[in-house]
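Data block below; observations after.
The values are calculated or read from the model by the stated rules, or taken from the named source; none is laboratory data. Note that this is a predicted model, so its numbers are computed, not measured. With ideal geometry, Cβ positions are generated from the backbone for all residues, glycine too; neighbour counts draw on all protein chains shown. To get the accessible areas, we keep the full protein, side chains included, count just its heavy atoms, and leave off ligands, DNA and RNA. Shrake-Rupley method; radii C 1.70, N 1.55, O 1.52, S 1.80 Å.
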Amino acid sequence: MSKLTLSKIRFHNALWEGRISGETGSGRPPAIDVRYLDRPVEGVTLTESETPGEWALSIPVPNEAVADGVQNFVIFDSATGEKLGDFTLICGEISGDDLRVEVELLRAELDMLKRAFRRHCVETQ
């Protein structure tokens with residue numbers, strides 16, 4: 001199991017920034033692999049910070065990822081293969097089969113059922 005943790009700092013100007021902290025066990029910076037559509041993302045940088053055991057991670061979002069739909073990026077520790085984190089871009093129109101749309105529909109139906117149940121309880125007293 002990896003002893004590394006990933007914390008998001010910000011996402012600005014197509015650059016996702018985060019902080020990796022922890023022990024690599026080798027004394028070297030961690031080997032980080034970022035994947036989009038199961039392909040490695042180019043231009044990922046890892047810079048050692050002033051605090052021992054911490055590194056600044058910068059991930060440029062490729063132009064082809066700025067498109068309609070949901071785009072997922074997954075960040076791995078290459079040494080262990082363990083997933084450290086991920087981030088998602090959502091652009092354009094939301095399709096009807098999008099999970100978020102389904103959750104919103106379920107919430108609306110649940111609210112309707114709650115109102116009907118409360119109305120039923122009041123009427124039967």
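Quick notes on this one:
- Verdict on Ile75 being among the aliphatic types (A, V, I, L, M) and open to solvent by 70 Å² or more (accessible area, probe 1.4 Å): no
- Residue within the stretch 20-36 that is modelled with pLDDT under 95, more than 12 Å from Asp77 (Cβ to Cβ), under 15 Å from the mean Cα position of the chain (by Cα) and open to solvent by 50 Å² or more (accessible area, probe 1.4 Å) present: yes
- Every pair of residues 6+ apart whose Cβ atoms lie under 6 Å, when the first sits in the stretch 81-98 and is closer than 11 Å to Gly69 by Cα and at pLDDT below 85 while the second is open to solvent by 60 Å² or more (accessible area, probe 1.4 Å) and assigned to a strand (DSSP E or B): Ile90/Val70
- Cross-chain or 6+ apart pairs with Cβ under 6 Å, the stretch 25-44 first and on the phi > 0 side of the Ramachandran plot, then assigned to a loop (DSSP other than H, G, I, E, B) and not aromatic (Phe, Trp, Tyr): none
- Residue that is farthest from Asp86 (Cα to Cα), among those in the stretch 20-38 that are of a type in the set (Gly, Ala, Ser) and in a strand (DSSP E or B): Gly22
- Selection count where residues are part of a loop (DSSP other than H, G, I, E, B) and modelled with pLDDT under 95, scope the stretch 39-61: 5
- Filter result (assigned to a strand (DSSP E or B), among the hydrophobic types (A, V, I, L, M, F, W, C) and open to solvent by 40 Å² or more (accessible area, probe 1.4 Å)) within the stretch 7-19: Ile9, Phe11, Leu15
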